[in-house]
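Scroll down for the structure; my scribbles are underneath it.
The values are calculated or read from the model by the stated rules, or taken from the named source; none is laboratory data. Just so you know, these numbers come straight off a predicted model, no measurement behind them. Positions of Cβ are generated from backbone atoms using ideal geometry, with glycine treated the same way; all protein chains shown enter the neighbour counts. Heads up: the accessible areas ignore ligands, DNA and RNA and are worked out on the full protein's heavy atoms, side chains in. Shrake-Rupley method; radii C 1.70, N 1.55, O 1.52, S 1.80 Å.
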Amino acid sequence: QVQLVESGGGLVQAGGTLRLSCVASGHTFGYDVMAWFRQAPGKEREFVASSYNGAAYYGDSVKGRFTISRDGAGNTVYLEMNSLQPDDTAVYYCATKRGSSGVAWKPYEYWGQGAQVTVSS
């Protein structure tokens, strides 16, 4: 079992910045892919970013604005979100899986509880 706990969501004005954190604990060995997804009301869950084997991957809608990073031990992942826009409003989920990185959400095995991010115009 792997537990994921997110923090750092909130309300911000358009153009602002937020930083999300996700701490993984439990049997994390082998769960090398850590990713962020988001889901807005009435929309599909969307890939935001992932970190695997020293590389970072981003969804097209956040490329150039968001940055994913991990601490030295690899069990904490961050998402720095800059130039936030109202379309970025969603619940942001941290997720992890074994194997290689991917943008589809179903292969991810463990999920955090979600962090609400609201961007006002």
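Quick look at the numbers
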{"read-out": "Those GluC sites (Glu not before Pro) in the stretch 1-88 that DSSP places in a loop and that have at most 14 other beta carbons within 10 Å", "value": "GLU44"}
{"read-out": "Additional length obtainable on full extension of the chain from HIS27 to SER61, 0.36 nm per residue less Cα span", "value": "9.0 nm"}
{"read-out": "Descending semi-axes in Å of the chain, equivalent ellipsoid built from Cα gyration tensor", "value": "23, 14, 13"}
{"read-out": "Accessible area of the chain belonging to carbon and sulfur atoms, whole % at 1.4 Å probe", "value": "50"}
{"read-out": "Relative contact order, percent, the stretch 33-121 [alpha-carbon distance under 8 Å, six or more residues apart]", "value": "31"}
{"read-out": "Selection of trypsin sites (Lys or Arg not before Pro), the stretch 13-77, meeting DSSP coil and at most 16 other Cβ within 10 Å", "value": "LYS43, LYS63, ARG65"}
{"read-out": "Gain upon complete extension [ALA104, ASN82; 0.36 nm per residue less C-alpha separation]", "value": "5.5 nm"}
{"read-out": "Nitroxide proxy distance, nm - points 7 Å out along Cα→Cβ at GLU44 and ASP71", "value": "3.5"}
